[in-house]
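Here the structure is laid out as structure tokens; the discussion comes afterwards.
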């Protein structure tokens with residue numbers, strides 16, 4: 001799990017890449033889901049079109065980081081194709097002014 005910091009009130013882009021484990025080539029899972037948990041522990045589940053496909057095996061989601069505190073992002077690729085779960089978290093710091 002990767003951890004980083006951002007400023008509350010900003011938007012971040014989180015991305016997800018999936019590959020075929022046998023060939024290493026980029027590949028699409030059947031379904032891509034991105035769950036975002038905010039500091040109040042509210043979970044928002046995002047799928048296409050909120051999750052944007054940038055190419056084969058390449059996806060992103062822009063997240064509005066409204067409040068300070070601990071945030072978690074979980075990417076899930078499931079169904080036909082690669083089955084992958086990737087989790088990362090970040091801390092949103094209050095704005096300086």
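The numbers here are math on the coordinates, done by the rules we state, and not lab data. The shown structure was predicted, so the numbers you read here are calculated from the model rather than taken from an experiment. Ideal geometry is used to build each Cβ from the backbone, glycine not excepted, and the neighbour counts take in all protein chains shown.
Here are the numbers:
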read-out: Projected label distance in nm at residue 95 and residue 78, using a 7 Å step from Cα toward the beta-carbon; value: 3.7
read-out: Nitroxide proxy distance, nm - points 7 Å out along Cα→Cβ at residue 8 and residue 21; value: 4.0
read-out: Estimated D of the chain in µm² per second, where Rh is the Kirkwood radius over Cα pairs and Stokes-Einstein applies at 20 °C, 1.002 mPa s; value: 153
